[in-house]
Amino acid sequence: MQIKTYLQQLQKLVPSILLERMQYIHSSLLTHWILLQGSQQLTFNQKSAMVFSPHQDDETFGCGGMIAYKREQGIPVIVVFLTNGQGSRDIDTESRNKIIQTRKQEAIHALNILGVDTSAIHFLEKADGHLQTLKPEEKQEAIAQITELFKHYQPEEVYVPHRKDCHRDHEATYHLVKAAIKQAEIKVELLQYPIWLFWRAPLFIMLKLSDIAAAYSFSITSVQDKKNQAIATYTSQLESLPPGFVKRFLGAYEIFFKV
């Protein structure tokens with residue numbers, strides 16, 4: 001059963017408030033299990049990093065602690081947003097542009113808190129929700145843009161959403177970045193950060209044992225307050241996200257999956 005079909009059937013059977021509670025419990029159990037049993041400890045390093053985020057907030061939720069930690073050590077971190085973050089709402093042009101500008105400013109504010117200079121933040125401004133359905137020429141343009149960033153900055157580590165992250169833009173981001181790494185002919189360590197993976201799907205449906213074996217946990221205790229402050233700047237998003245979902249990212253650890 002495809003994950004989209006699974007979720008649609010579950011939403012029909014379970015009231016939304018109960019479904020959110022079930023998802024929170026499920027997500028918490030998976031997170032604790034991976035932290036305690038299913039992951040290795042990720043050793044901090046001095047490698048420069050490039051973080052790819054489908055939307056304005058994914059970067060802070062998924063690896064805000066790692067970003068802050070590296071920046072405190074003076075390590076270069078570049079952040080690239082692939083979509084304009086307008087969401088799926090059918091609205092007029094003026095409202096659409098207002099949302100795009102609001103989310104861009106929230107992203108800049110959040111990343112400044114984490115220690116990233118505004119000059120190190122890039123917005124590719126692709127249509128939100130459509131990364132998987134880009135036309136061939138649009139897809140090649142996106143890959144070329146990412147390739148150019150790779151060649152310019154020469155990062156040693158790259159962070160992307162998990163390839164099975166249960167969101168079309170997130171999964172498409174992974175594949176676009178992988179294609180650009182190949183095209184740029186650079187050698188980097190690729191780490192995946194989960195956003196929706198633990199929330200939207202049972203572990204046994206989405207992850208194989210080989211996936212779990214690649215899990216690493218990273219303590220962000222010393223920069224946890226910075227990350228939480230950065231998350232709080234995304235006011236336009238927080239009001240529409242389940243509280244339990246947001247709570248999962250306020251803890252003292254981040255989880256990554258090596259490729």
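General observations
- Residue within segment 42-49 that is touching an Asp or Glu at 6+ places or on another chain (Cβ under 6 Å), among the hydroxyl-bearing types (Ser, Thr, Tyr) and in a strand (DSSP E or B) present: no
- Selection within segment 134-153 - without any contact (Cβ under 8 Å) to a residue 40 or more places away in the chain, in a helix (DSSP H, G or I) and of a type in the set (A, V, I, L, M, F, W, C): 144
- Summed over segment 35-62, residues that are within 15 Å of residue 256 (Cα to Cα), surrounded by fewer than 24 Cβ atoms within 10 Å (Cβ to Cβ), in contact (Cβ under 8 Å) with a residue 60 or more places away in the chain and among the hydroxyl-bearing types (Ser, Thr, Tyr) total 1.
- Taken as a whole, the structure leaves residue 192 outside the set of residues that are polar (S, T, N, Q), farther than 21 Å from residue 246 by Cβ and modelled with pLDDT of 95 or more.
- Residues in segment 11-32 that are at pLDDT below 65 and surrounded by 14 or more Cβ atoms within 10 Å (Cβ to Cβ): 14 only.
- Taking the criterion of being charged (D, E, K, R) and either farther than 20 Å from residue 233 by Cβ or without any contact (Cβ under 8 Å) to a residue 40 or more places away in the chain (or both), the residues of segment 71-99 that qualify are 89, 90, 92, 94, 96, 98.
- The residues of segment 126-159 that are of a type in the set (S, T, N, Q) and closer than 23 Å to residue 96 by Cα, listed by number, are 132, 133.
- The residue list 72, 59 contains one member that is modelled with pLDDT of 85 or more, over 17 Å from residue 193 (Cβ atoms) and not aliphatic (A, V, I, L, M), which is 72.
- Helices (runs of 4 or more DSSP H) fully within segment 164-233 that include at least 1 residues being surrounded by fewer than 16 Cβ atoms within 10 Å (Cβ to Cβ) and without any contact (Cβ under 8 Å) to a residue 60 or more places away in the chain: 168-184, 203-206, 209-213, 224-232.
- Any hit, segment 108-121, residues being in contact with a strand residue (DSSP E or B) (Cβ under 8 Å, 6 or more places away or on another chain), assigned to a helix (DSSP H, G or I) and more than 17 Å from residue 232 (Cβ to Cβ): yes
- Exclusive hit being within 30 Å of residue 25 (Cα to Cα) and either in contact with a Pro (Cβ under 6 Å, 6 or more places away or on another chain) or not hydroxyl-bearing (Ser, Thr, Tyr) (or both), set 176, 190, 134: 190
- Test: residue 248 is in contact with a Cys (Cβ under 9 Å, 6 or more places away or on another chain), among the basic types (Lys, Arg), surrounded by 15 or more Cβ atoms within 10 Å (Cβ to Cβ) and touching a residue at least 60 places away in the same chain (Cβ under 8 Å): no
The values are calculated or read from the model by the stated rules, or taken from the named source; none is laboratory data. Just so we're clear, the structure is a prediction, and the values are computed from it rather than from any experiment. Counting neighbours? That spans all protein chains shown, and the Cβs are built from the backbone with ideal geometry, glycine included.
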